[in-house]
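The values are calculated or read from the model by the stated rules, or taken from the named source; none is laboratory data. Model, not experiment: these values are computed from the prediction. All Cβ positions, even for glycine, are placed from backbone atoms using ideal geometry, and neighbour counts span all protein chains on display. Only protein heavy atoms, including side chains, enter the accessible area calculation; ligands, DNA and RNA are left aside. Shrake-Rupley method; radii C 1.70, N 1.55, O 1.52, S 1.80 Å.
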Amino acid sequence: MAAARVLRPSACCRRLLSSSSASCNGGRAAERGERPDSAGPAFRPPAHSRSDWIGPPDTHSNLRPIIFYVPPEESALERRLREARQEAQASNQRFWARHNRAFRQEKEEFIYSRLKAKGLEMRDESGQKATLNAEEMADFYKDFLSKNFKKHLQYNRDWYKRNFRITFLMGQVALVRALRWLRWRKKNVEQ
Amino acid sequence: GLFVWRLRNTGIQQIPCQFVHLYHVANNRLITFQYFNFLKRMYVTRCNKVLSQRAKPKSDSVVSPYHELQQLDQEKKVVNKISPVSPVHQLWSETSSRNELREMKSAAETEDSVIPVGTESKEDRRWKEMKLRLDDMPGILARLSKIKLTALVVSTASAGFAMAPVPFELTCFLLASFGTGLASCAANSINQFFEVPFDSNMNRTKNRPLVRGQISPLLAVCFAASCGIPGIALLTLGVNPLTGALGAFNIILYTCCYTPLKRMSIVNTWVGAVVGAIPPVMGWTAATGSLDAGALLLGGILYSWQFPHFNALSWGLREDYSRGGYCMMSVTHPGLCRRVALRHCLSLIGLSTVAPVLDITTWTFPIISLPINLYISYLGFRFYRDADRSSSRKLFFCSLWHLPMLLLVMFTCKKSVLKKEDKGDPPGGSHETVMEIRLP
């Protein structure tokens, strides 16, 4: 444990969140400790901390970014787990950021076209943004949902697969760690 | 010693049972009142939010008192898992308030970019370490298992148990309730495990433990397994195999059918209604050991109730459902949504009339329940005709008190077990019910 602590400052580094612009292969750019130019979190966890850190929801995707801790003695299995989680995070971030942006954009366009059809301006006299009521928006919601149906099906399949894989890997890692700890304790007891 | 109690058919035996029943009924009422009160409080607060502009958007810590409320909201109408009785949705966010929030958020964002140094520490404070904190675990697990919803599920199962035409057995009742509660916790946890990215994107569900990283997915699954397996085992071995089988079936129906179907087809609403109908059936089978007409009737009443409840609720969540990719009738088939709600309000009247025919209640039940059933049908008709926020809200809030009241009235009109045995007795009391109670 003490040896690990000495190594930590130099050997360990934080794997930052791979943003939508970063590479898709498990965040290889971030592995070198570089921050991707867009949307990388500015937060740096304290050096002594040995756990992951989770941040506030992203403005576009509403997902919370995680900064993963890389222990100096990370095993191959643990690395696979971390990379799977990073990949899933990146993929989710890309999907939802794009999806929410499209939603907002299409909603604006819809409101604009409807208001124009009614002969109204986007902003009324007091400068307030004009909105349509829920019943008028219902057409847009229905349309948007049906347009994105196939995209959602694909994403669901993807998400379920990733989720199961990550949880299974977590289980394996936990099991290995537990066995290691038992072996260590047995050794200590024997001594 | 051996005590033999000779009881005449005067109903002396009823007293201990009645006490338990009264307690249960009072409990039911209490849950209803509390639950309804929470909703009102939440509703009023939301109104205030719209009325009074806040300089700063609310931080997470302020939201937490309403976590429990958020549990009530089950997206789906029904009490899921073993489906909660009333997935109460609380969010009636109005487009205007949301726009306001968005404007506030965008204002905050521009502020942040202008003064990076000042807000950096504020942003930094919002980052949390993902470490397991044992002190927080009870609260986290309660939110993970949607504990309030689970409580409602258990209360419907208890109602099913109470309505069964057999003498009340306390141990069986407690085992059935506890087993149902555990199964419900398991199903709710798995549901949250499956829905993390979707929950993050919906206002109602964005503060759930898995979304916030307070618990790892592995732990959530382990918790679900450690609730579900003992729960089903308890039901199968401690109560009867039929109840255990129904519990297991309901968990699978909720987690493996309803949850994925929500994003594929509007059929999810009907599946969810079945999920909600099963707990009272489980209560009945726990008491009687068999699946008879009375169980199916109680299940039918809960099934029909789900539609006005959920359809009215989902009317106000159309934006979130559309963006989140959920296939709900209110978005894709709005006409059908309102028709189905009305249809099932009316069927509640029909089902209430069938109850005395099946000897579950006396004929006073359809008569006493007619006013409340007519009222919800009237609101259902208004919702069908007007199709606007106010009518959907009225219908939703009505459904919240309608179900507990209906179950209460049903219980008070329950056909007494002894009265049934009475019918065959000649006068003179030569037939006495003899009960042996062995004392150690």
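Using the Kirkwood radius built from alpha carbon pairs, what does the Stokes-Einstein equation give as D for segment B:292-415 at 20 °C and 1.002 mPa s, in µm² per second? Present the calculation step by step, with values, prior to reporting the outcome.
Details: Rh = 14.8 Å.
Rounded to a whole number, D works out at 145 µm²/s.
Would you mind pulling out the separation of the Cα centroids of segment B:207-265 and segment B:304-336, in Å?
Comparing the Cα centres of segment B:207-265 and segment B:304-336, I get a distance of 24 Å.
When you look at the Cβ of every residue in B:192-205, what mean number of other chain Cβ atoms sits within 10 Å? Don't jump to the answer; show the numbers that get you there.
Values: counts 0, 3, 5, 2, 5, 14, 5, 1, 8, 8, 1, 1, 0, 0.
Per residue, the average neighbour count from other chains is 4.
Could you tell me which chymotrypsin sites (Phe, Trp or Tyr not before Pro) in segment B:333-404 are loop residues by DSSP with no more than 13 other beta carbons within 10 angstrom of their beta carbon? Show your work: numbers first, answer last.
Working: sites: B:363, B:375, B:378, B:381, B:383, B:384, B:396, B:397, B:401; in loops: B:363.
Loop-located and lightly packed - B:363.
Evaluate the Debye formula for segment B:167-240 with equal point scatterers sitting on the alpha carbons, no solvent, and hand back log10 of I(q)/I(0) at q = 0.11, 0.14, 0.27 Å⁻¹, in q order, two decimals.
The calculated log intensity ratios at q = 0.11, 0.14, 0.27 Å⁻¹ are -0.36, -0.52, -1.09.
Report residue B:346's accessible area, 1.4 Å probe, all protein chains in place, as a number in Å² to the nearest 10.
Rounded to the nearest 10, the figure is 90 Å².
Residue A:74: accessible area at probe 1.4 Å, nearest 10 Å²?
In the full protein context, residue A:74 sits at about 50 Å².
What is segment B:177-295's relative contact order, in percent, from Cα pairs under 8 angstrom and six or more apart in sequence? Working shown, then result.
On the way: 131 pairs, mean separation 32.6, N = 119.
Result for segment B:177-295 is 27 percent.
Within 10 Å, count the other beta carbons around each residue, average over each peptide in B:319-328, B:347-356, A:152-161, B:159-168, and list them highest first. Show your work: numbers first, answer last.
Numbers: B:319-328: 23.7, B:347-356: 19.0, A:152-161: 15.1, B:159-168: 21.3.
Top of the packing list down: B:319-328, B:159-168, B:347-356, A:152-161.
Residues of B:313-326, mean number of Cβ from any other protein chain within 10 Å of their own Cβ, rounded to a whole number?
5
Do any GluC sites (Glu not before Pro) in segment A:87-191 lie in a loop, going by DSSP, with at most 11 other beta-carbon atoms within 10 Å of their beta carbon, and if so which?
On the way: sites: A:87, A:106, A:108, A:109, A:121, A:125, A:135, A:136, A:190; in loops: A:121, A:125.
Passing both the DSSP loop test and the Cβ count: A:121, A:125.
Divide, for segment B:120-258, the radius of gyration over alpha carbons by 2.2 N^0.38 Å, where N is the residue count. It would help to have the intermediate numbers written out before the result.
Numbers: Rg = 17.4 Å, N = 139, 2.2 N^0.38 = 14.3 Å.
Scaled against compact globular proteins, the figure is 1.21.
Please compute the average number of Cβ atoms from other chains found within 10 Å of each residue's Cβ in peptide A:95-105.
Working: counts 1, 6, 0, 0, 4, 3, 0, 1, 5, 2, 0.
What the average comes to for A:95-105 is 2.
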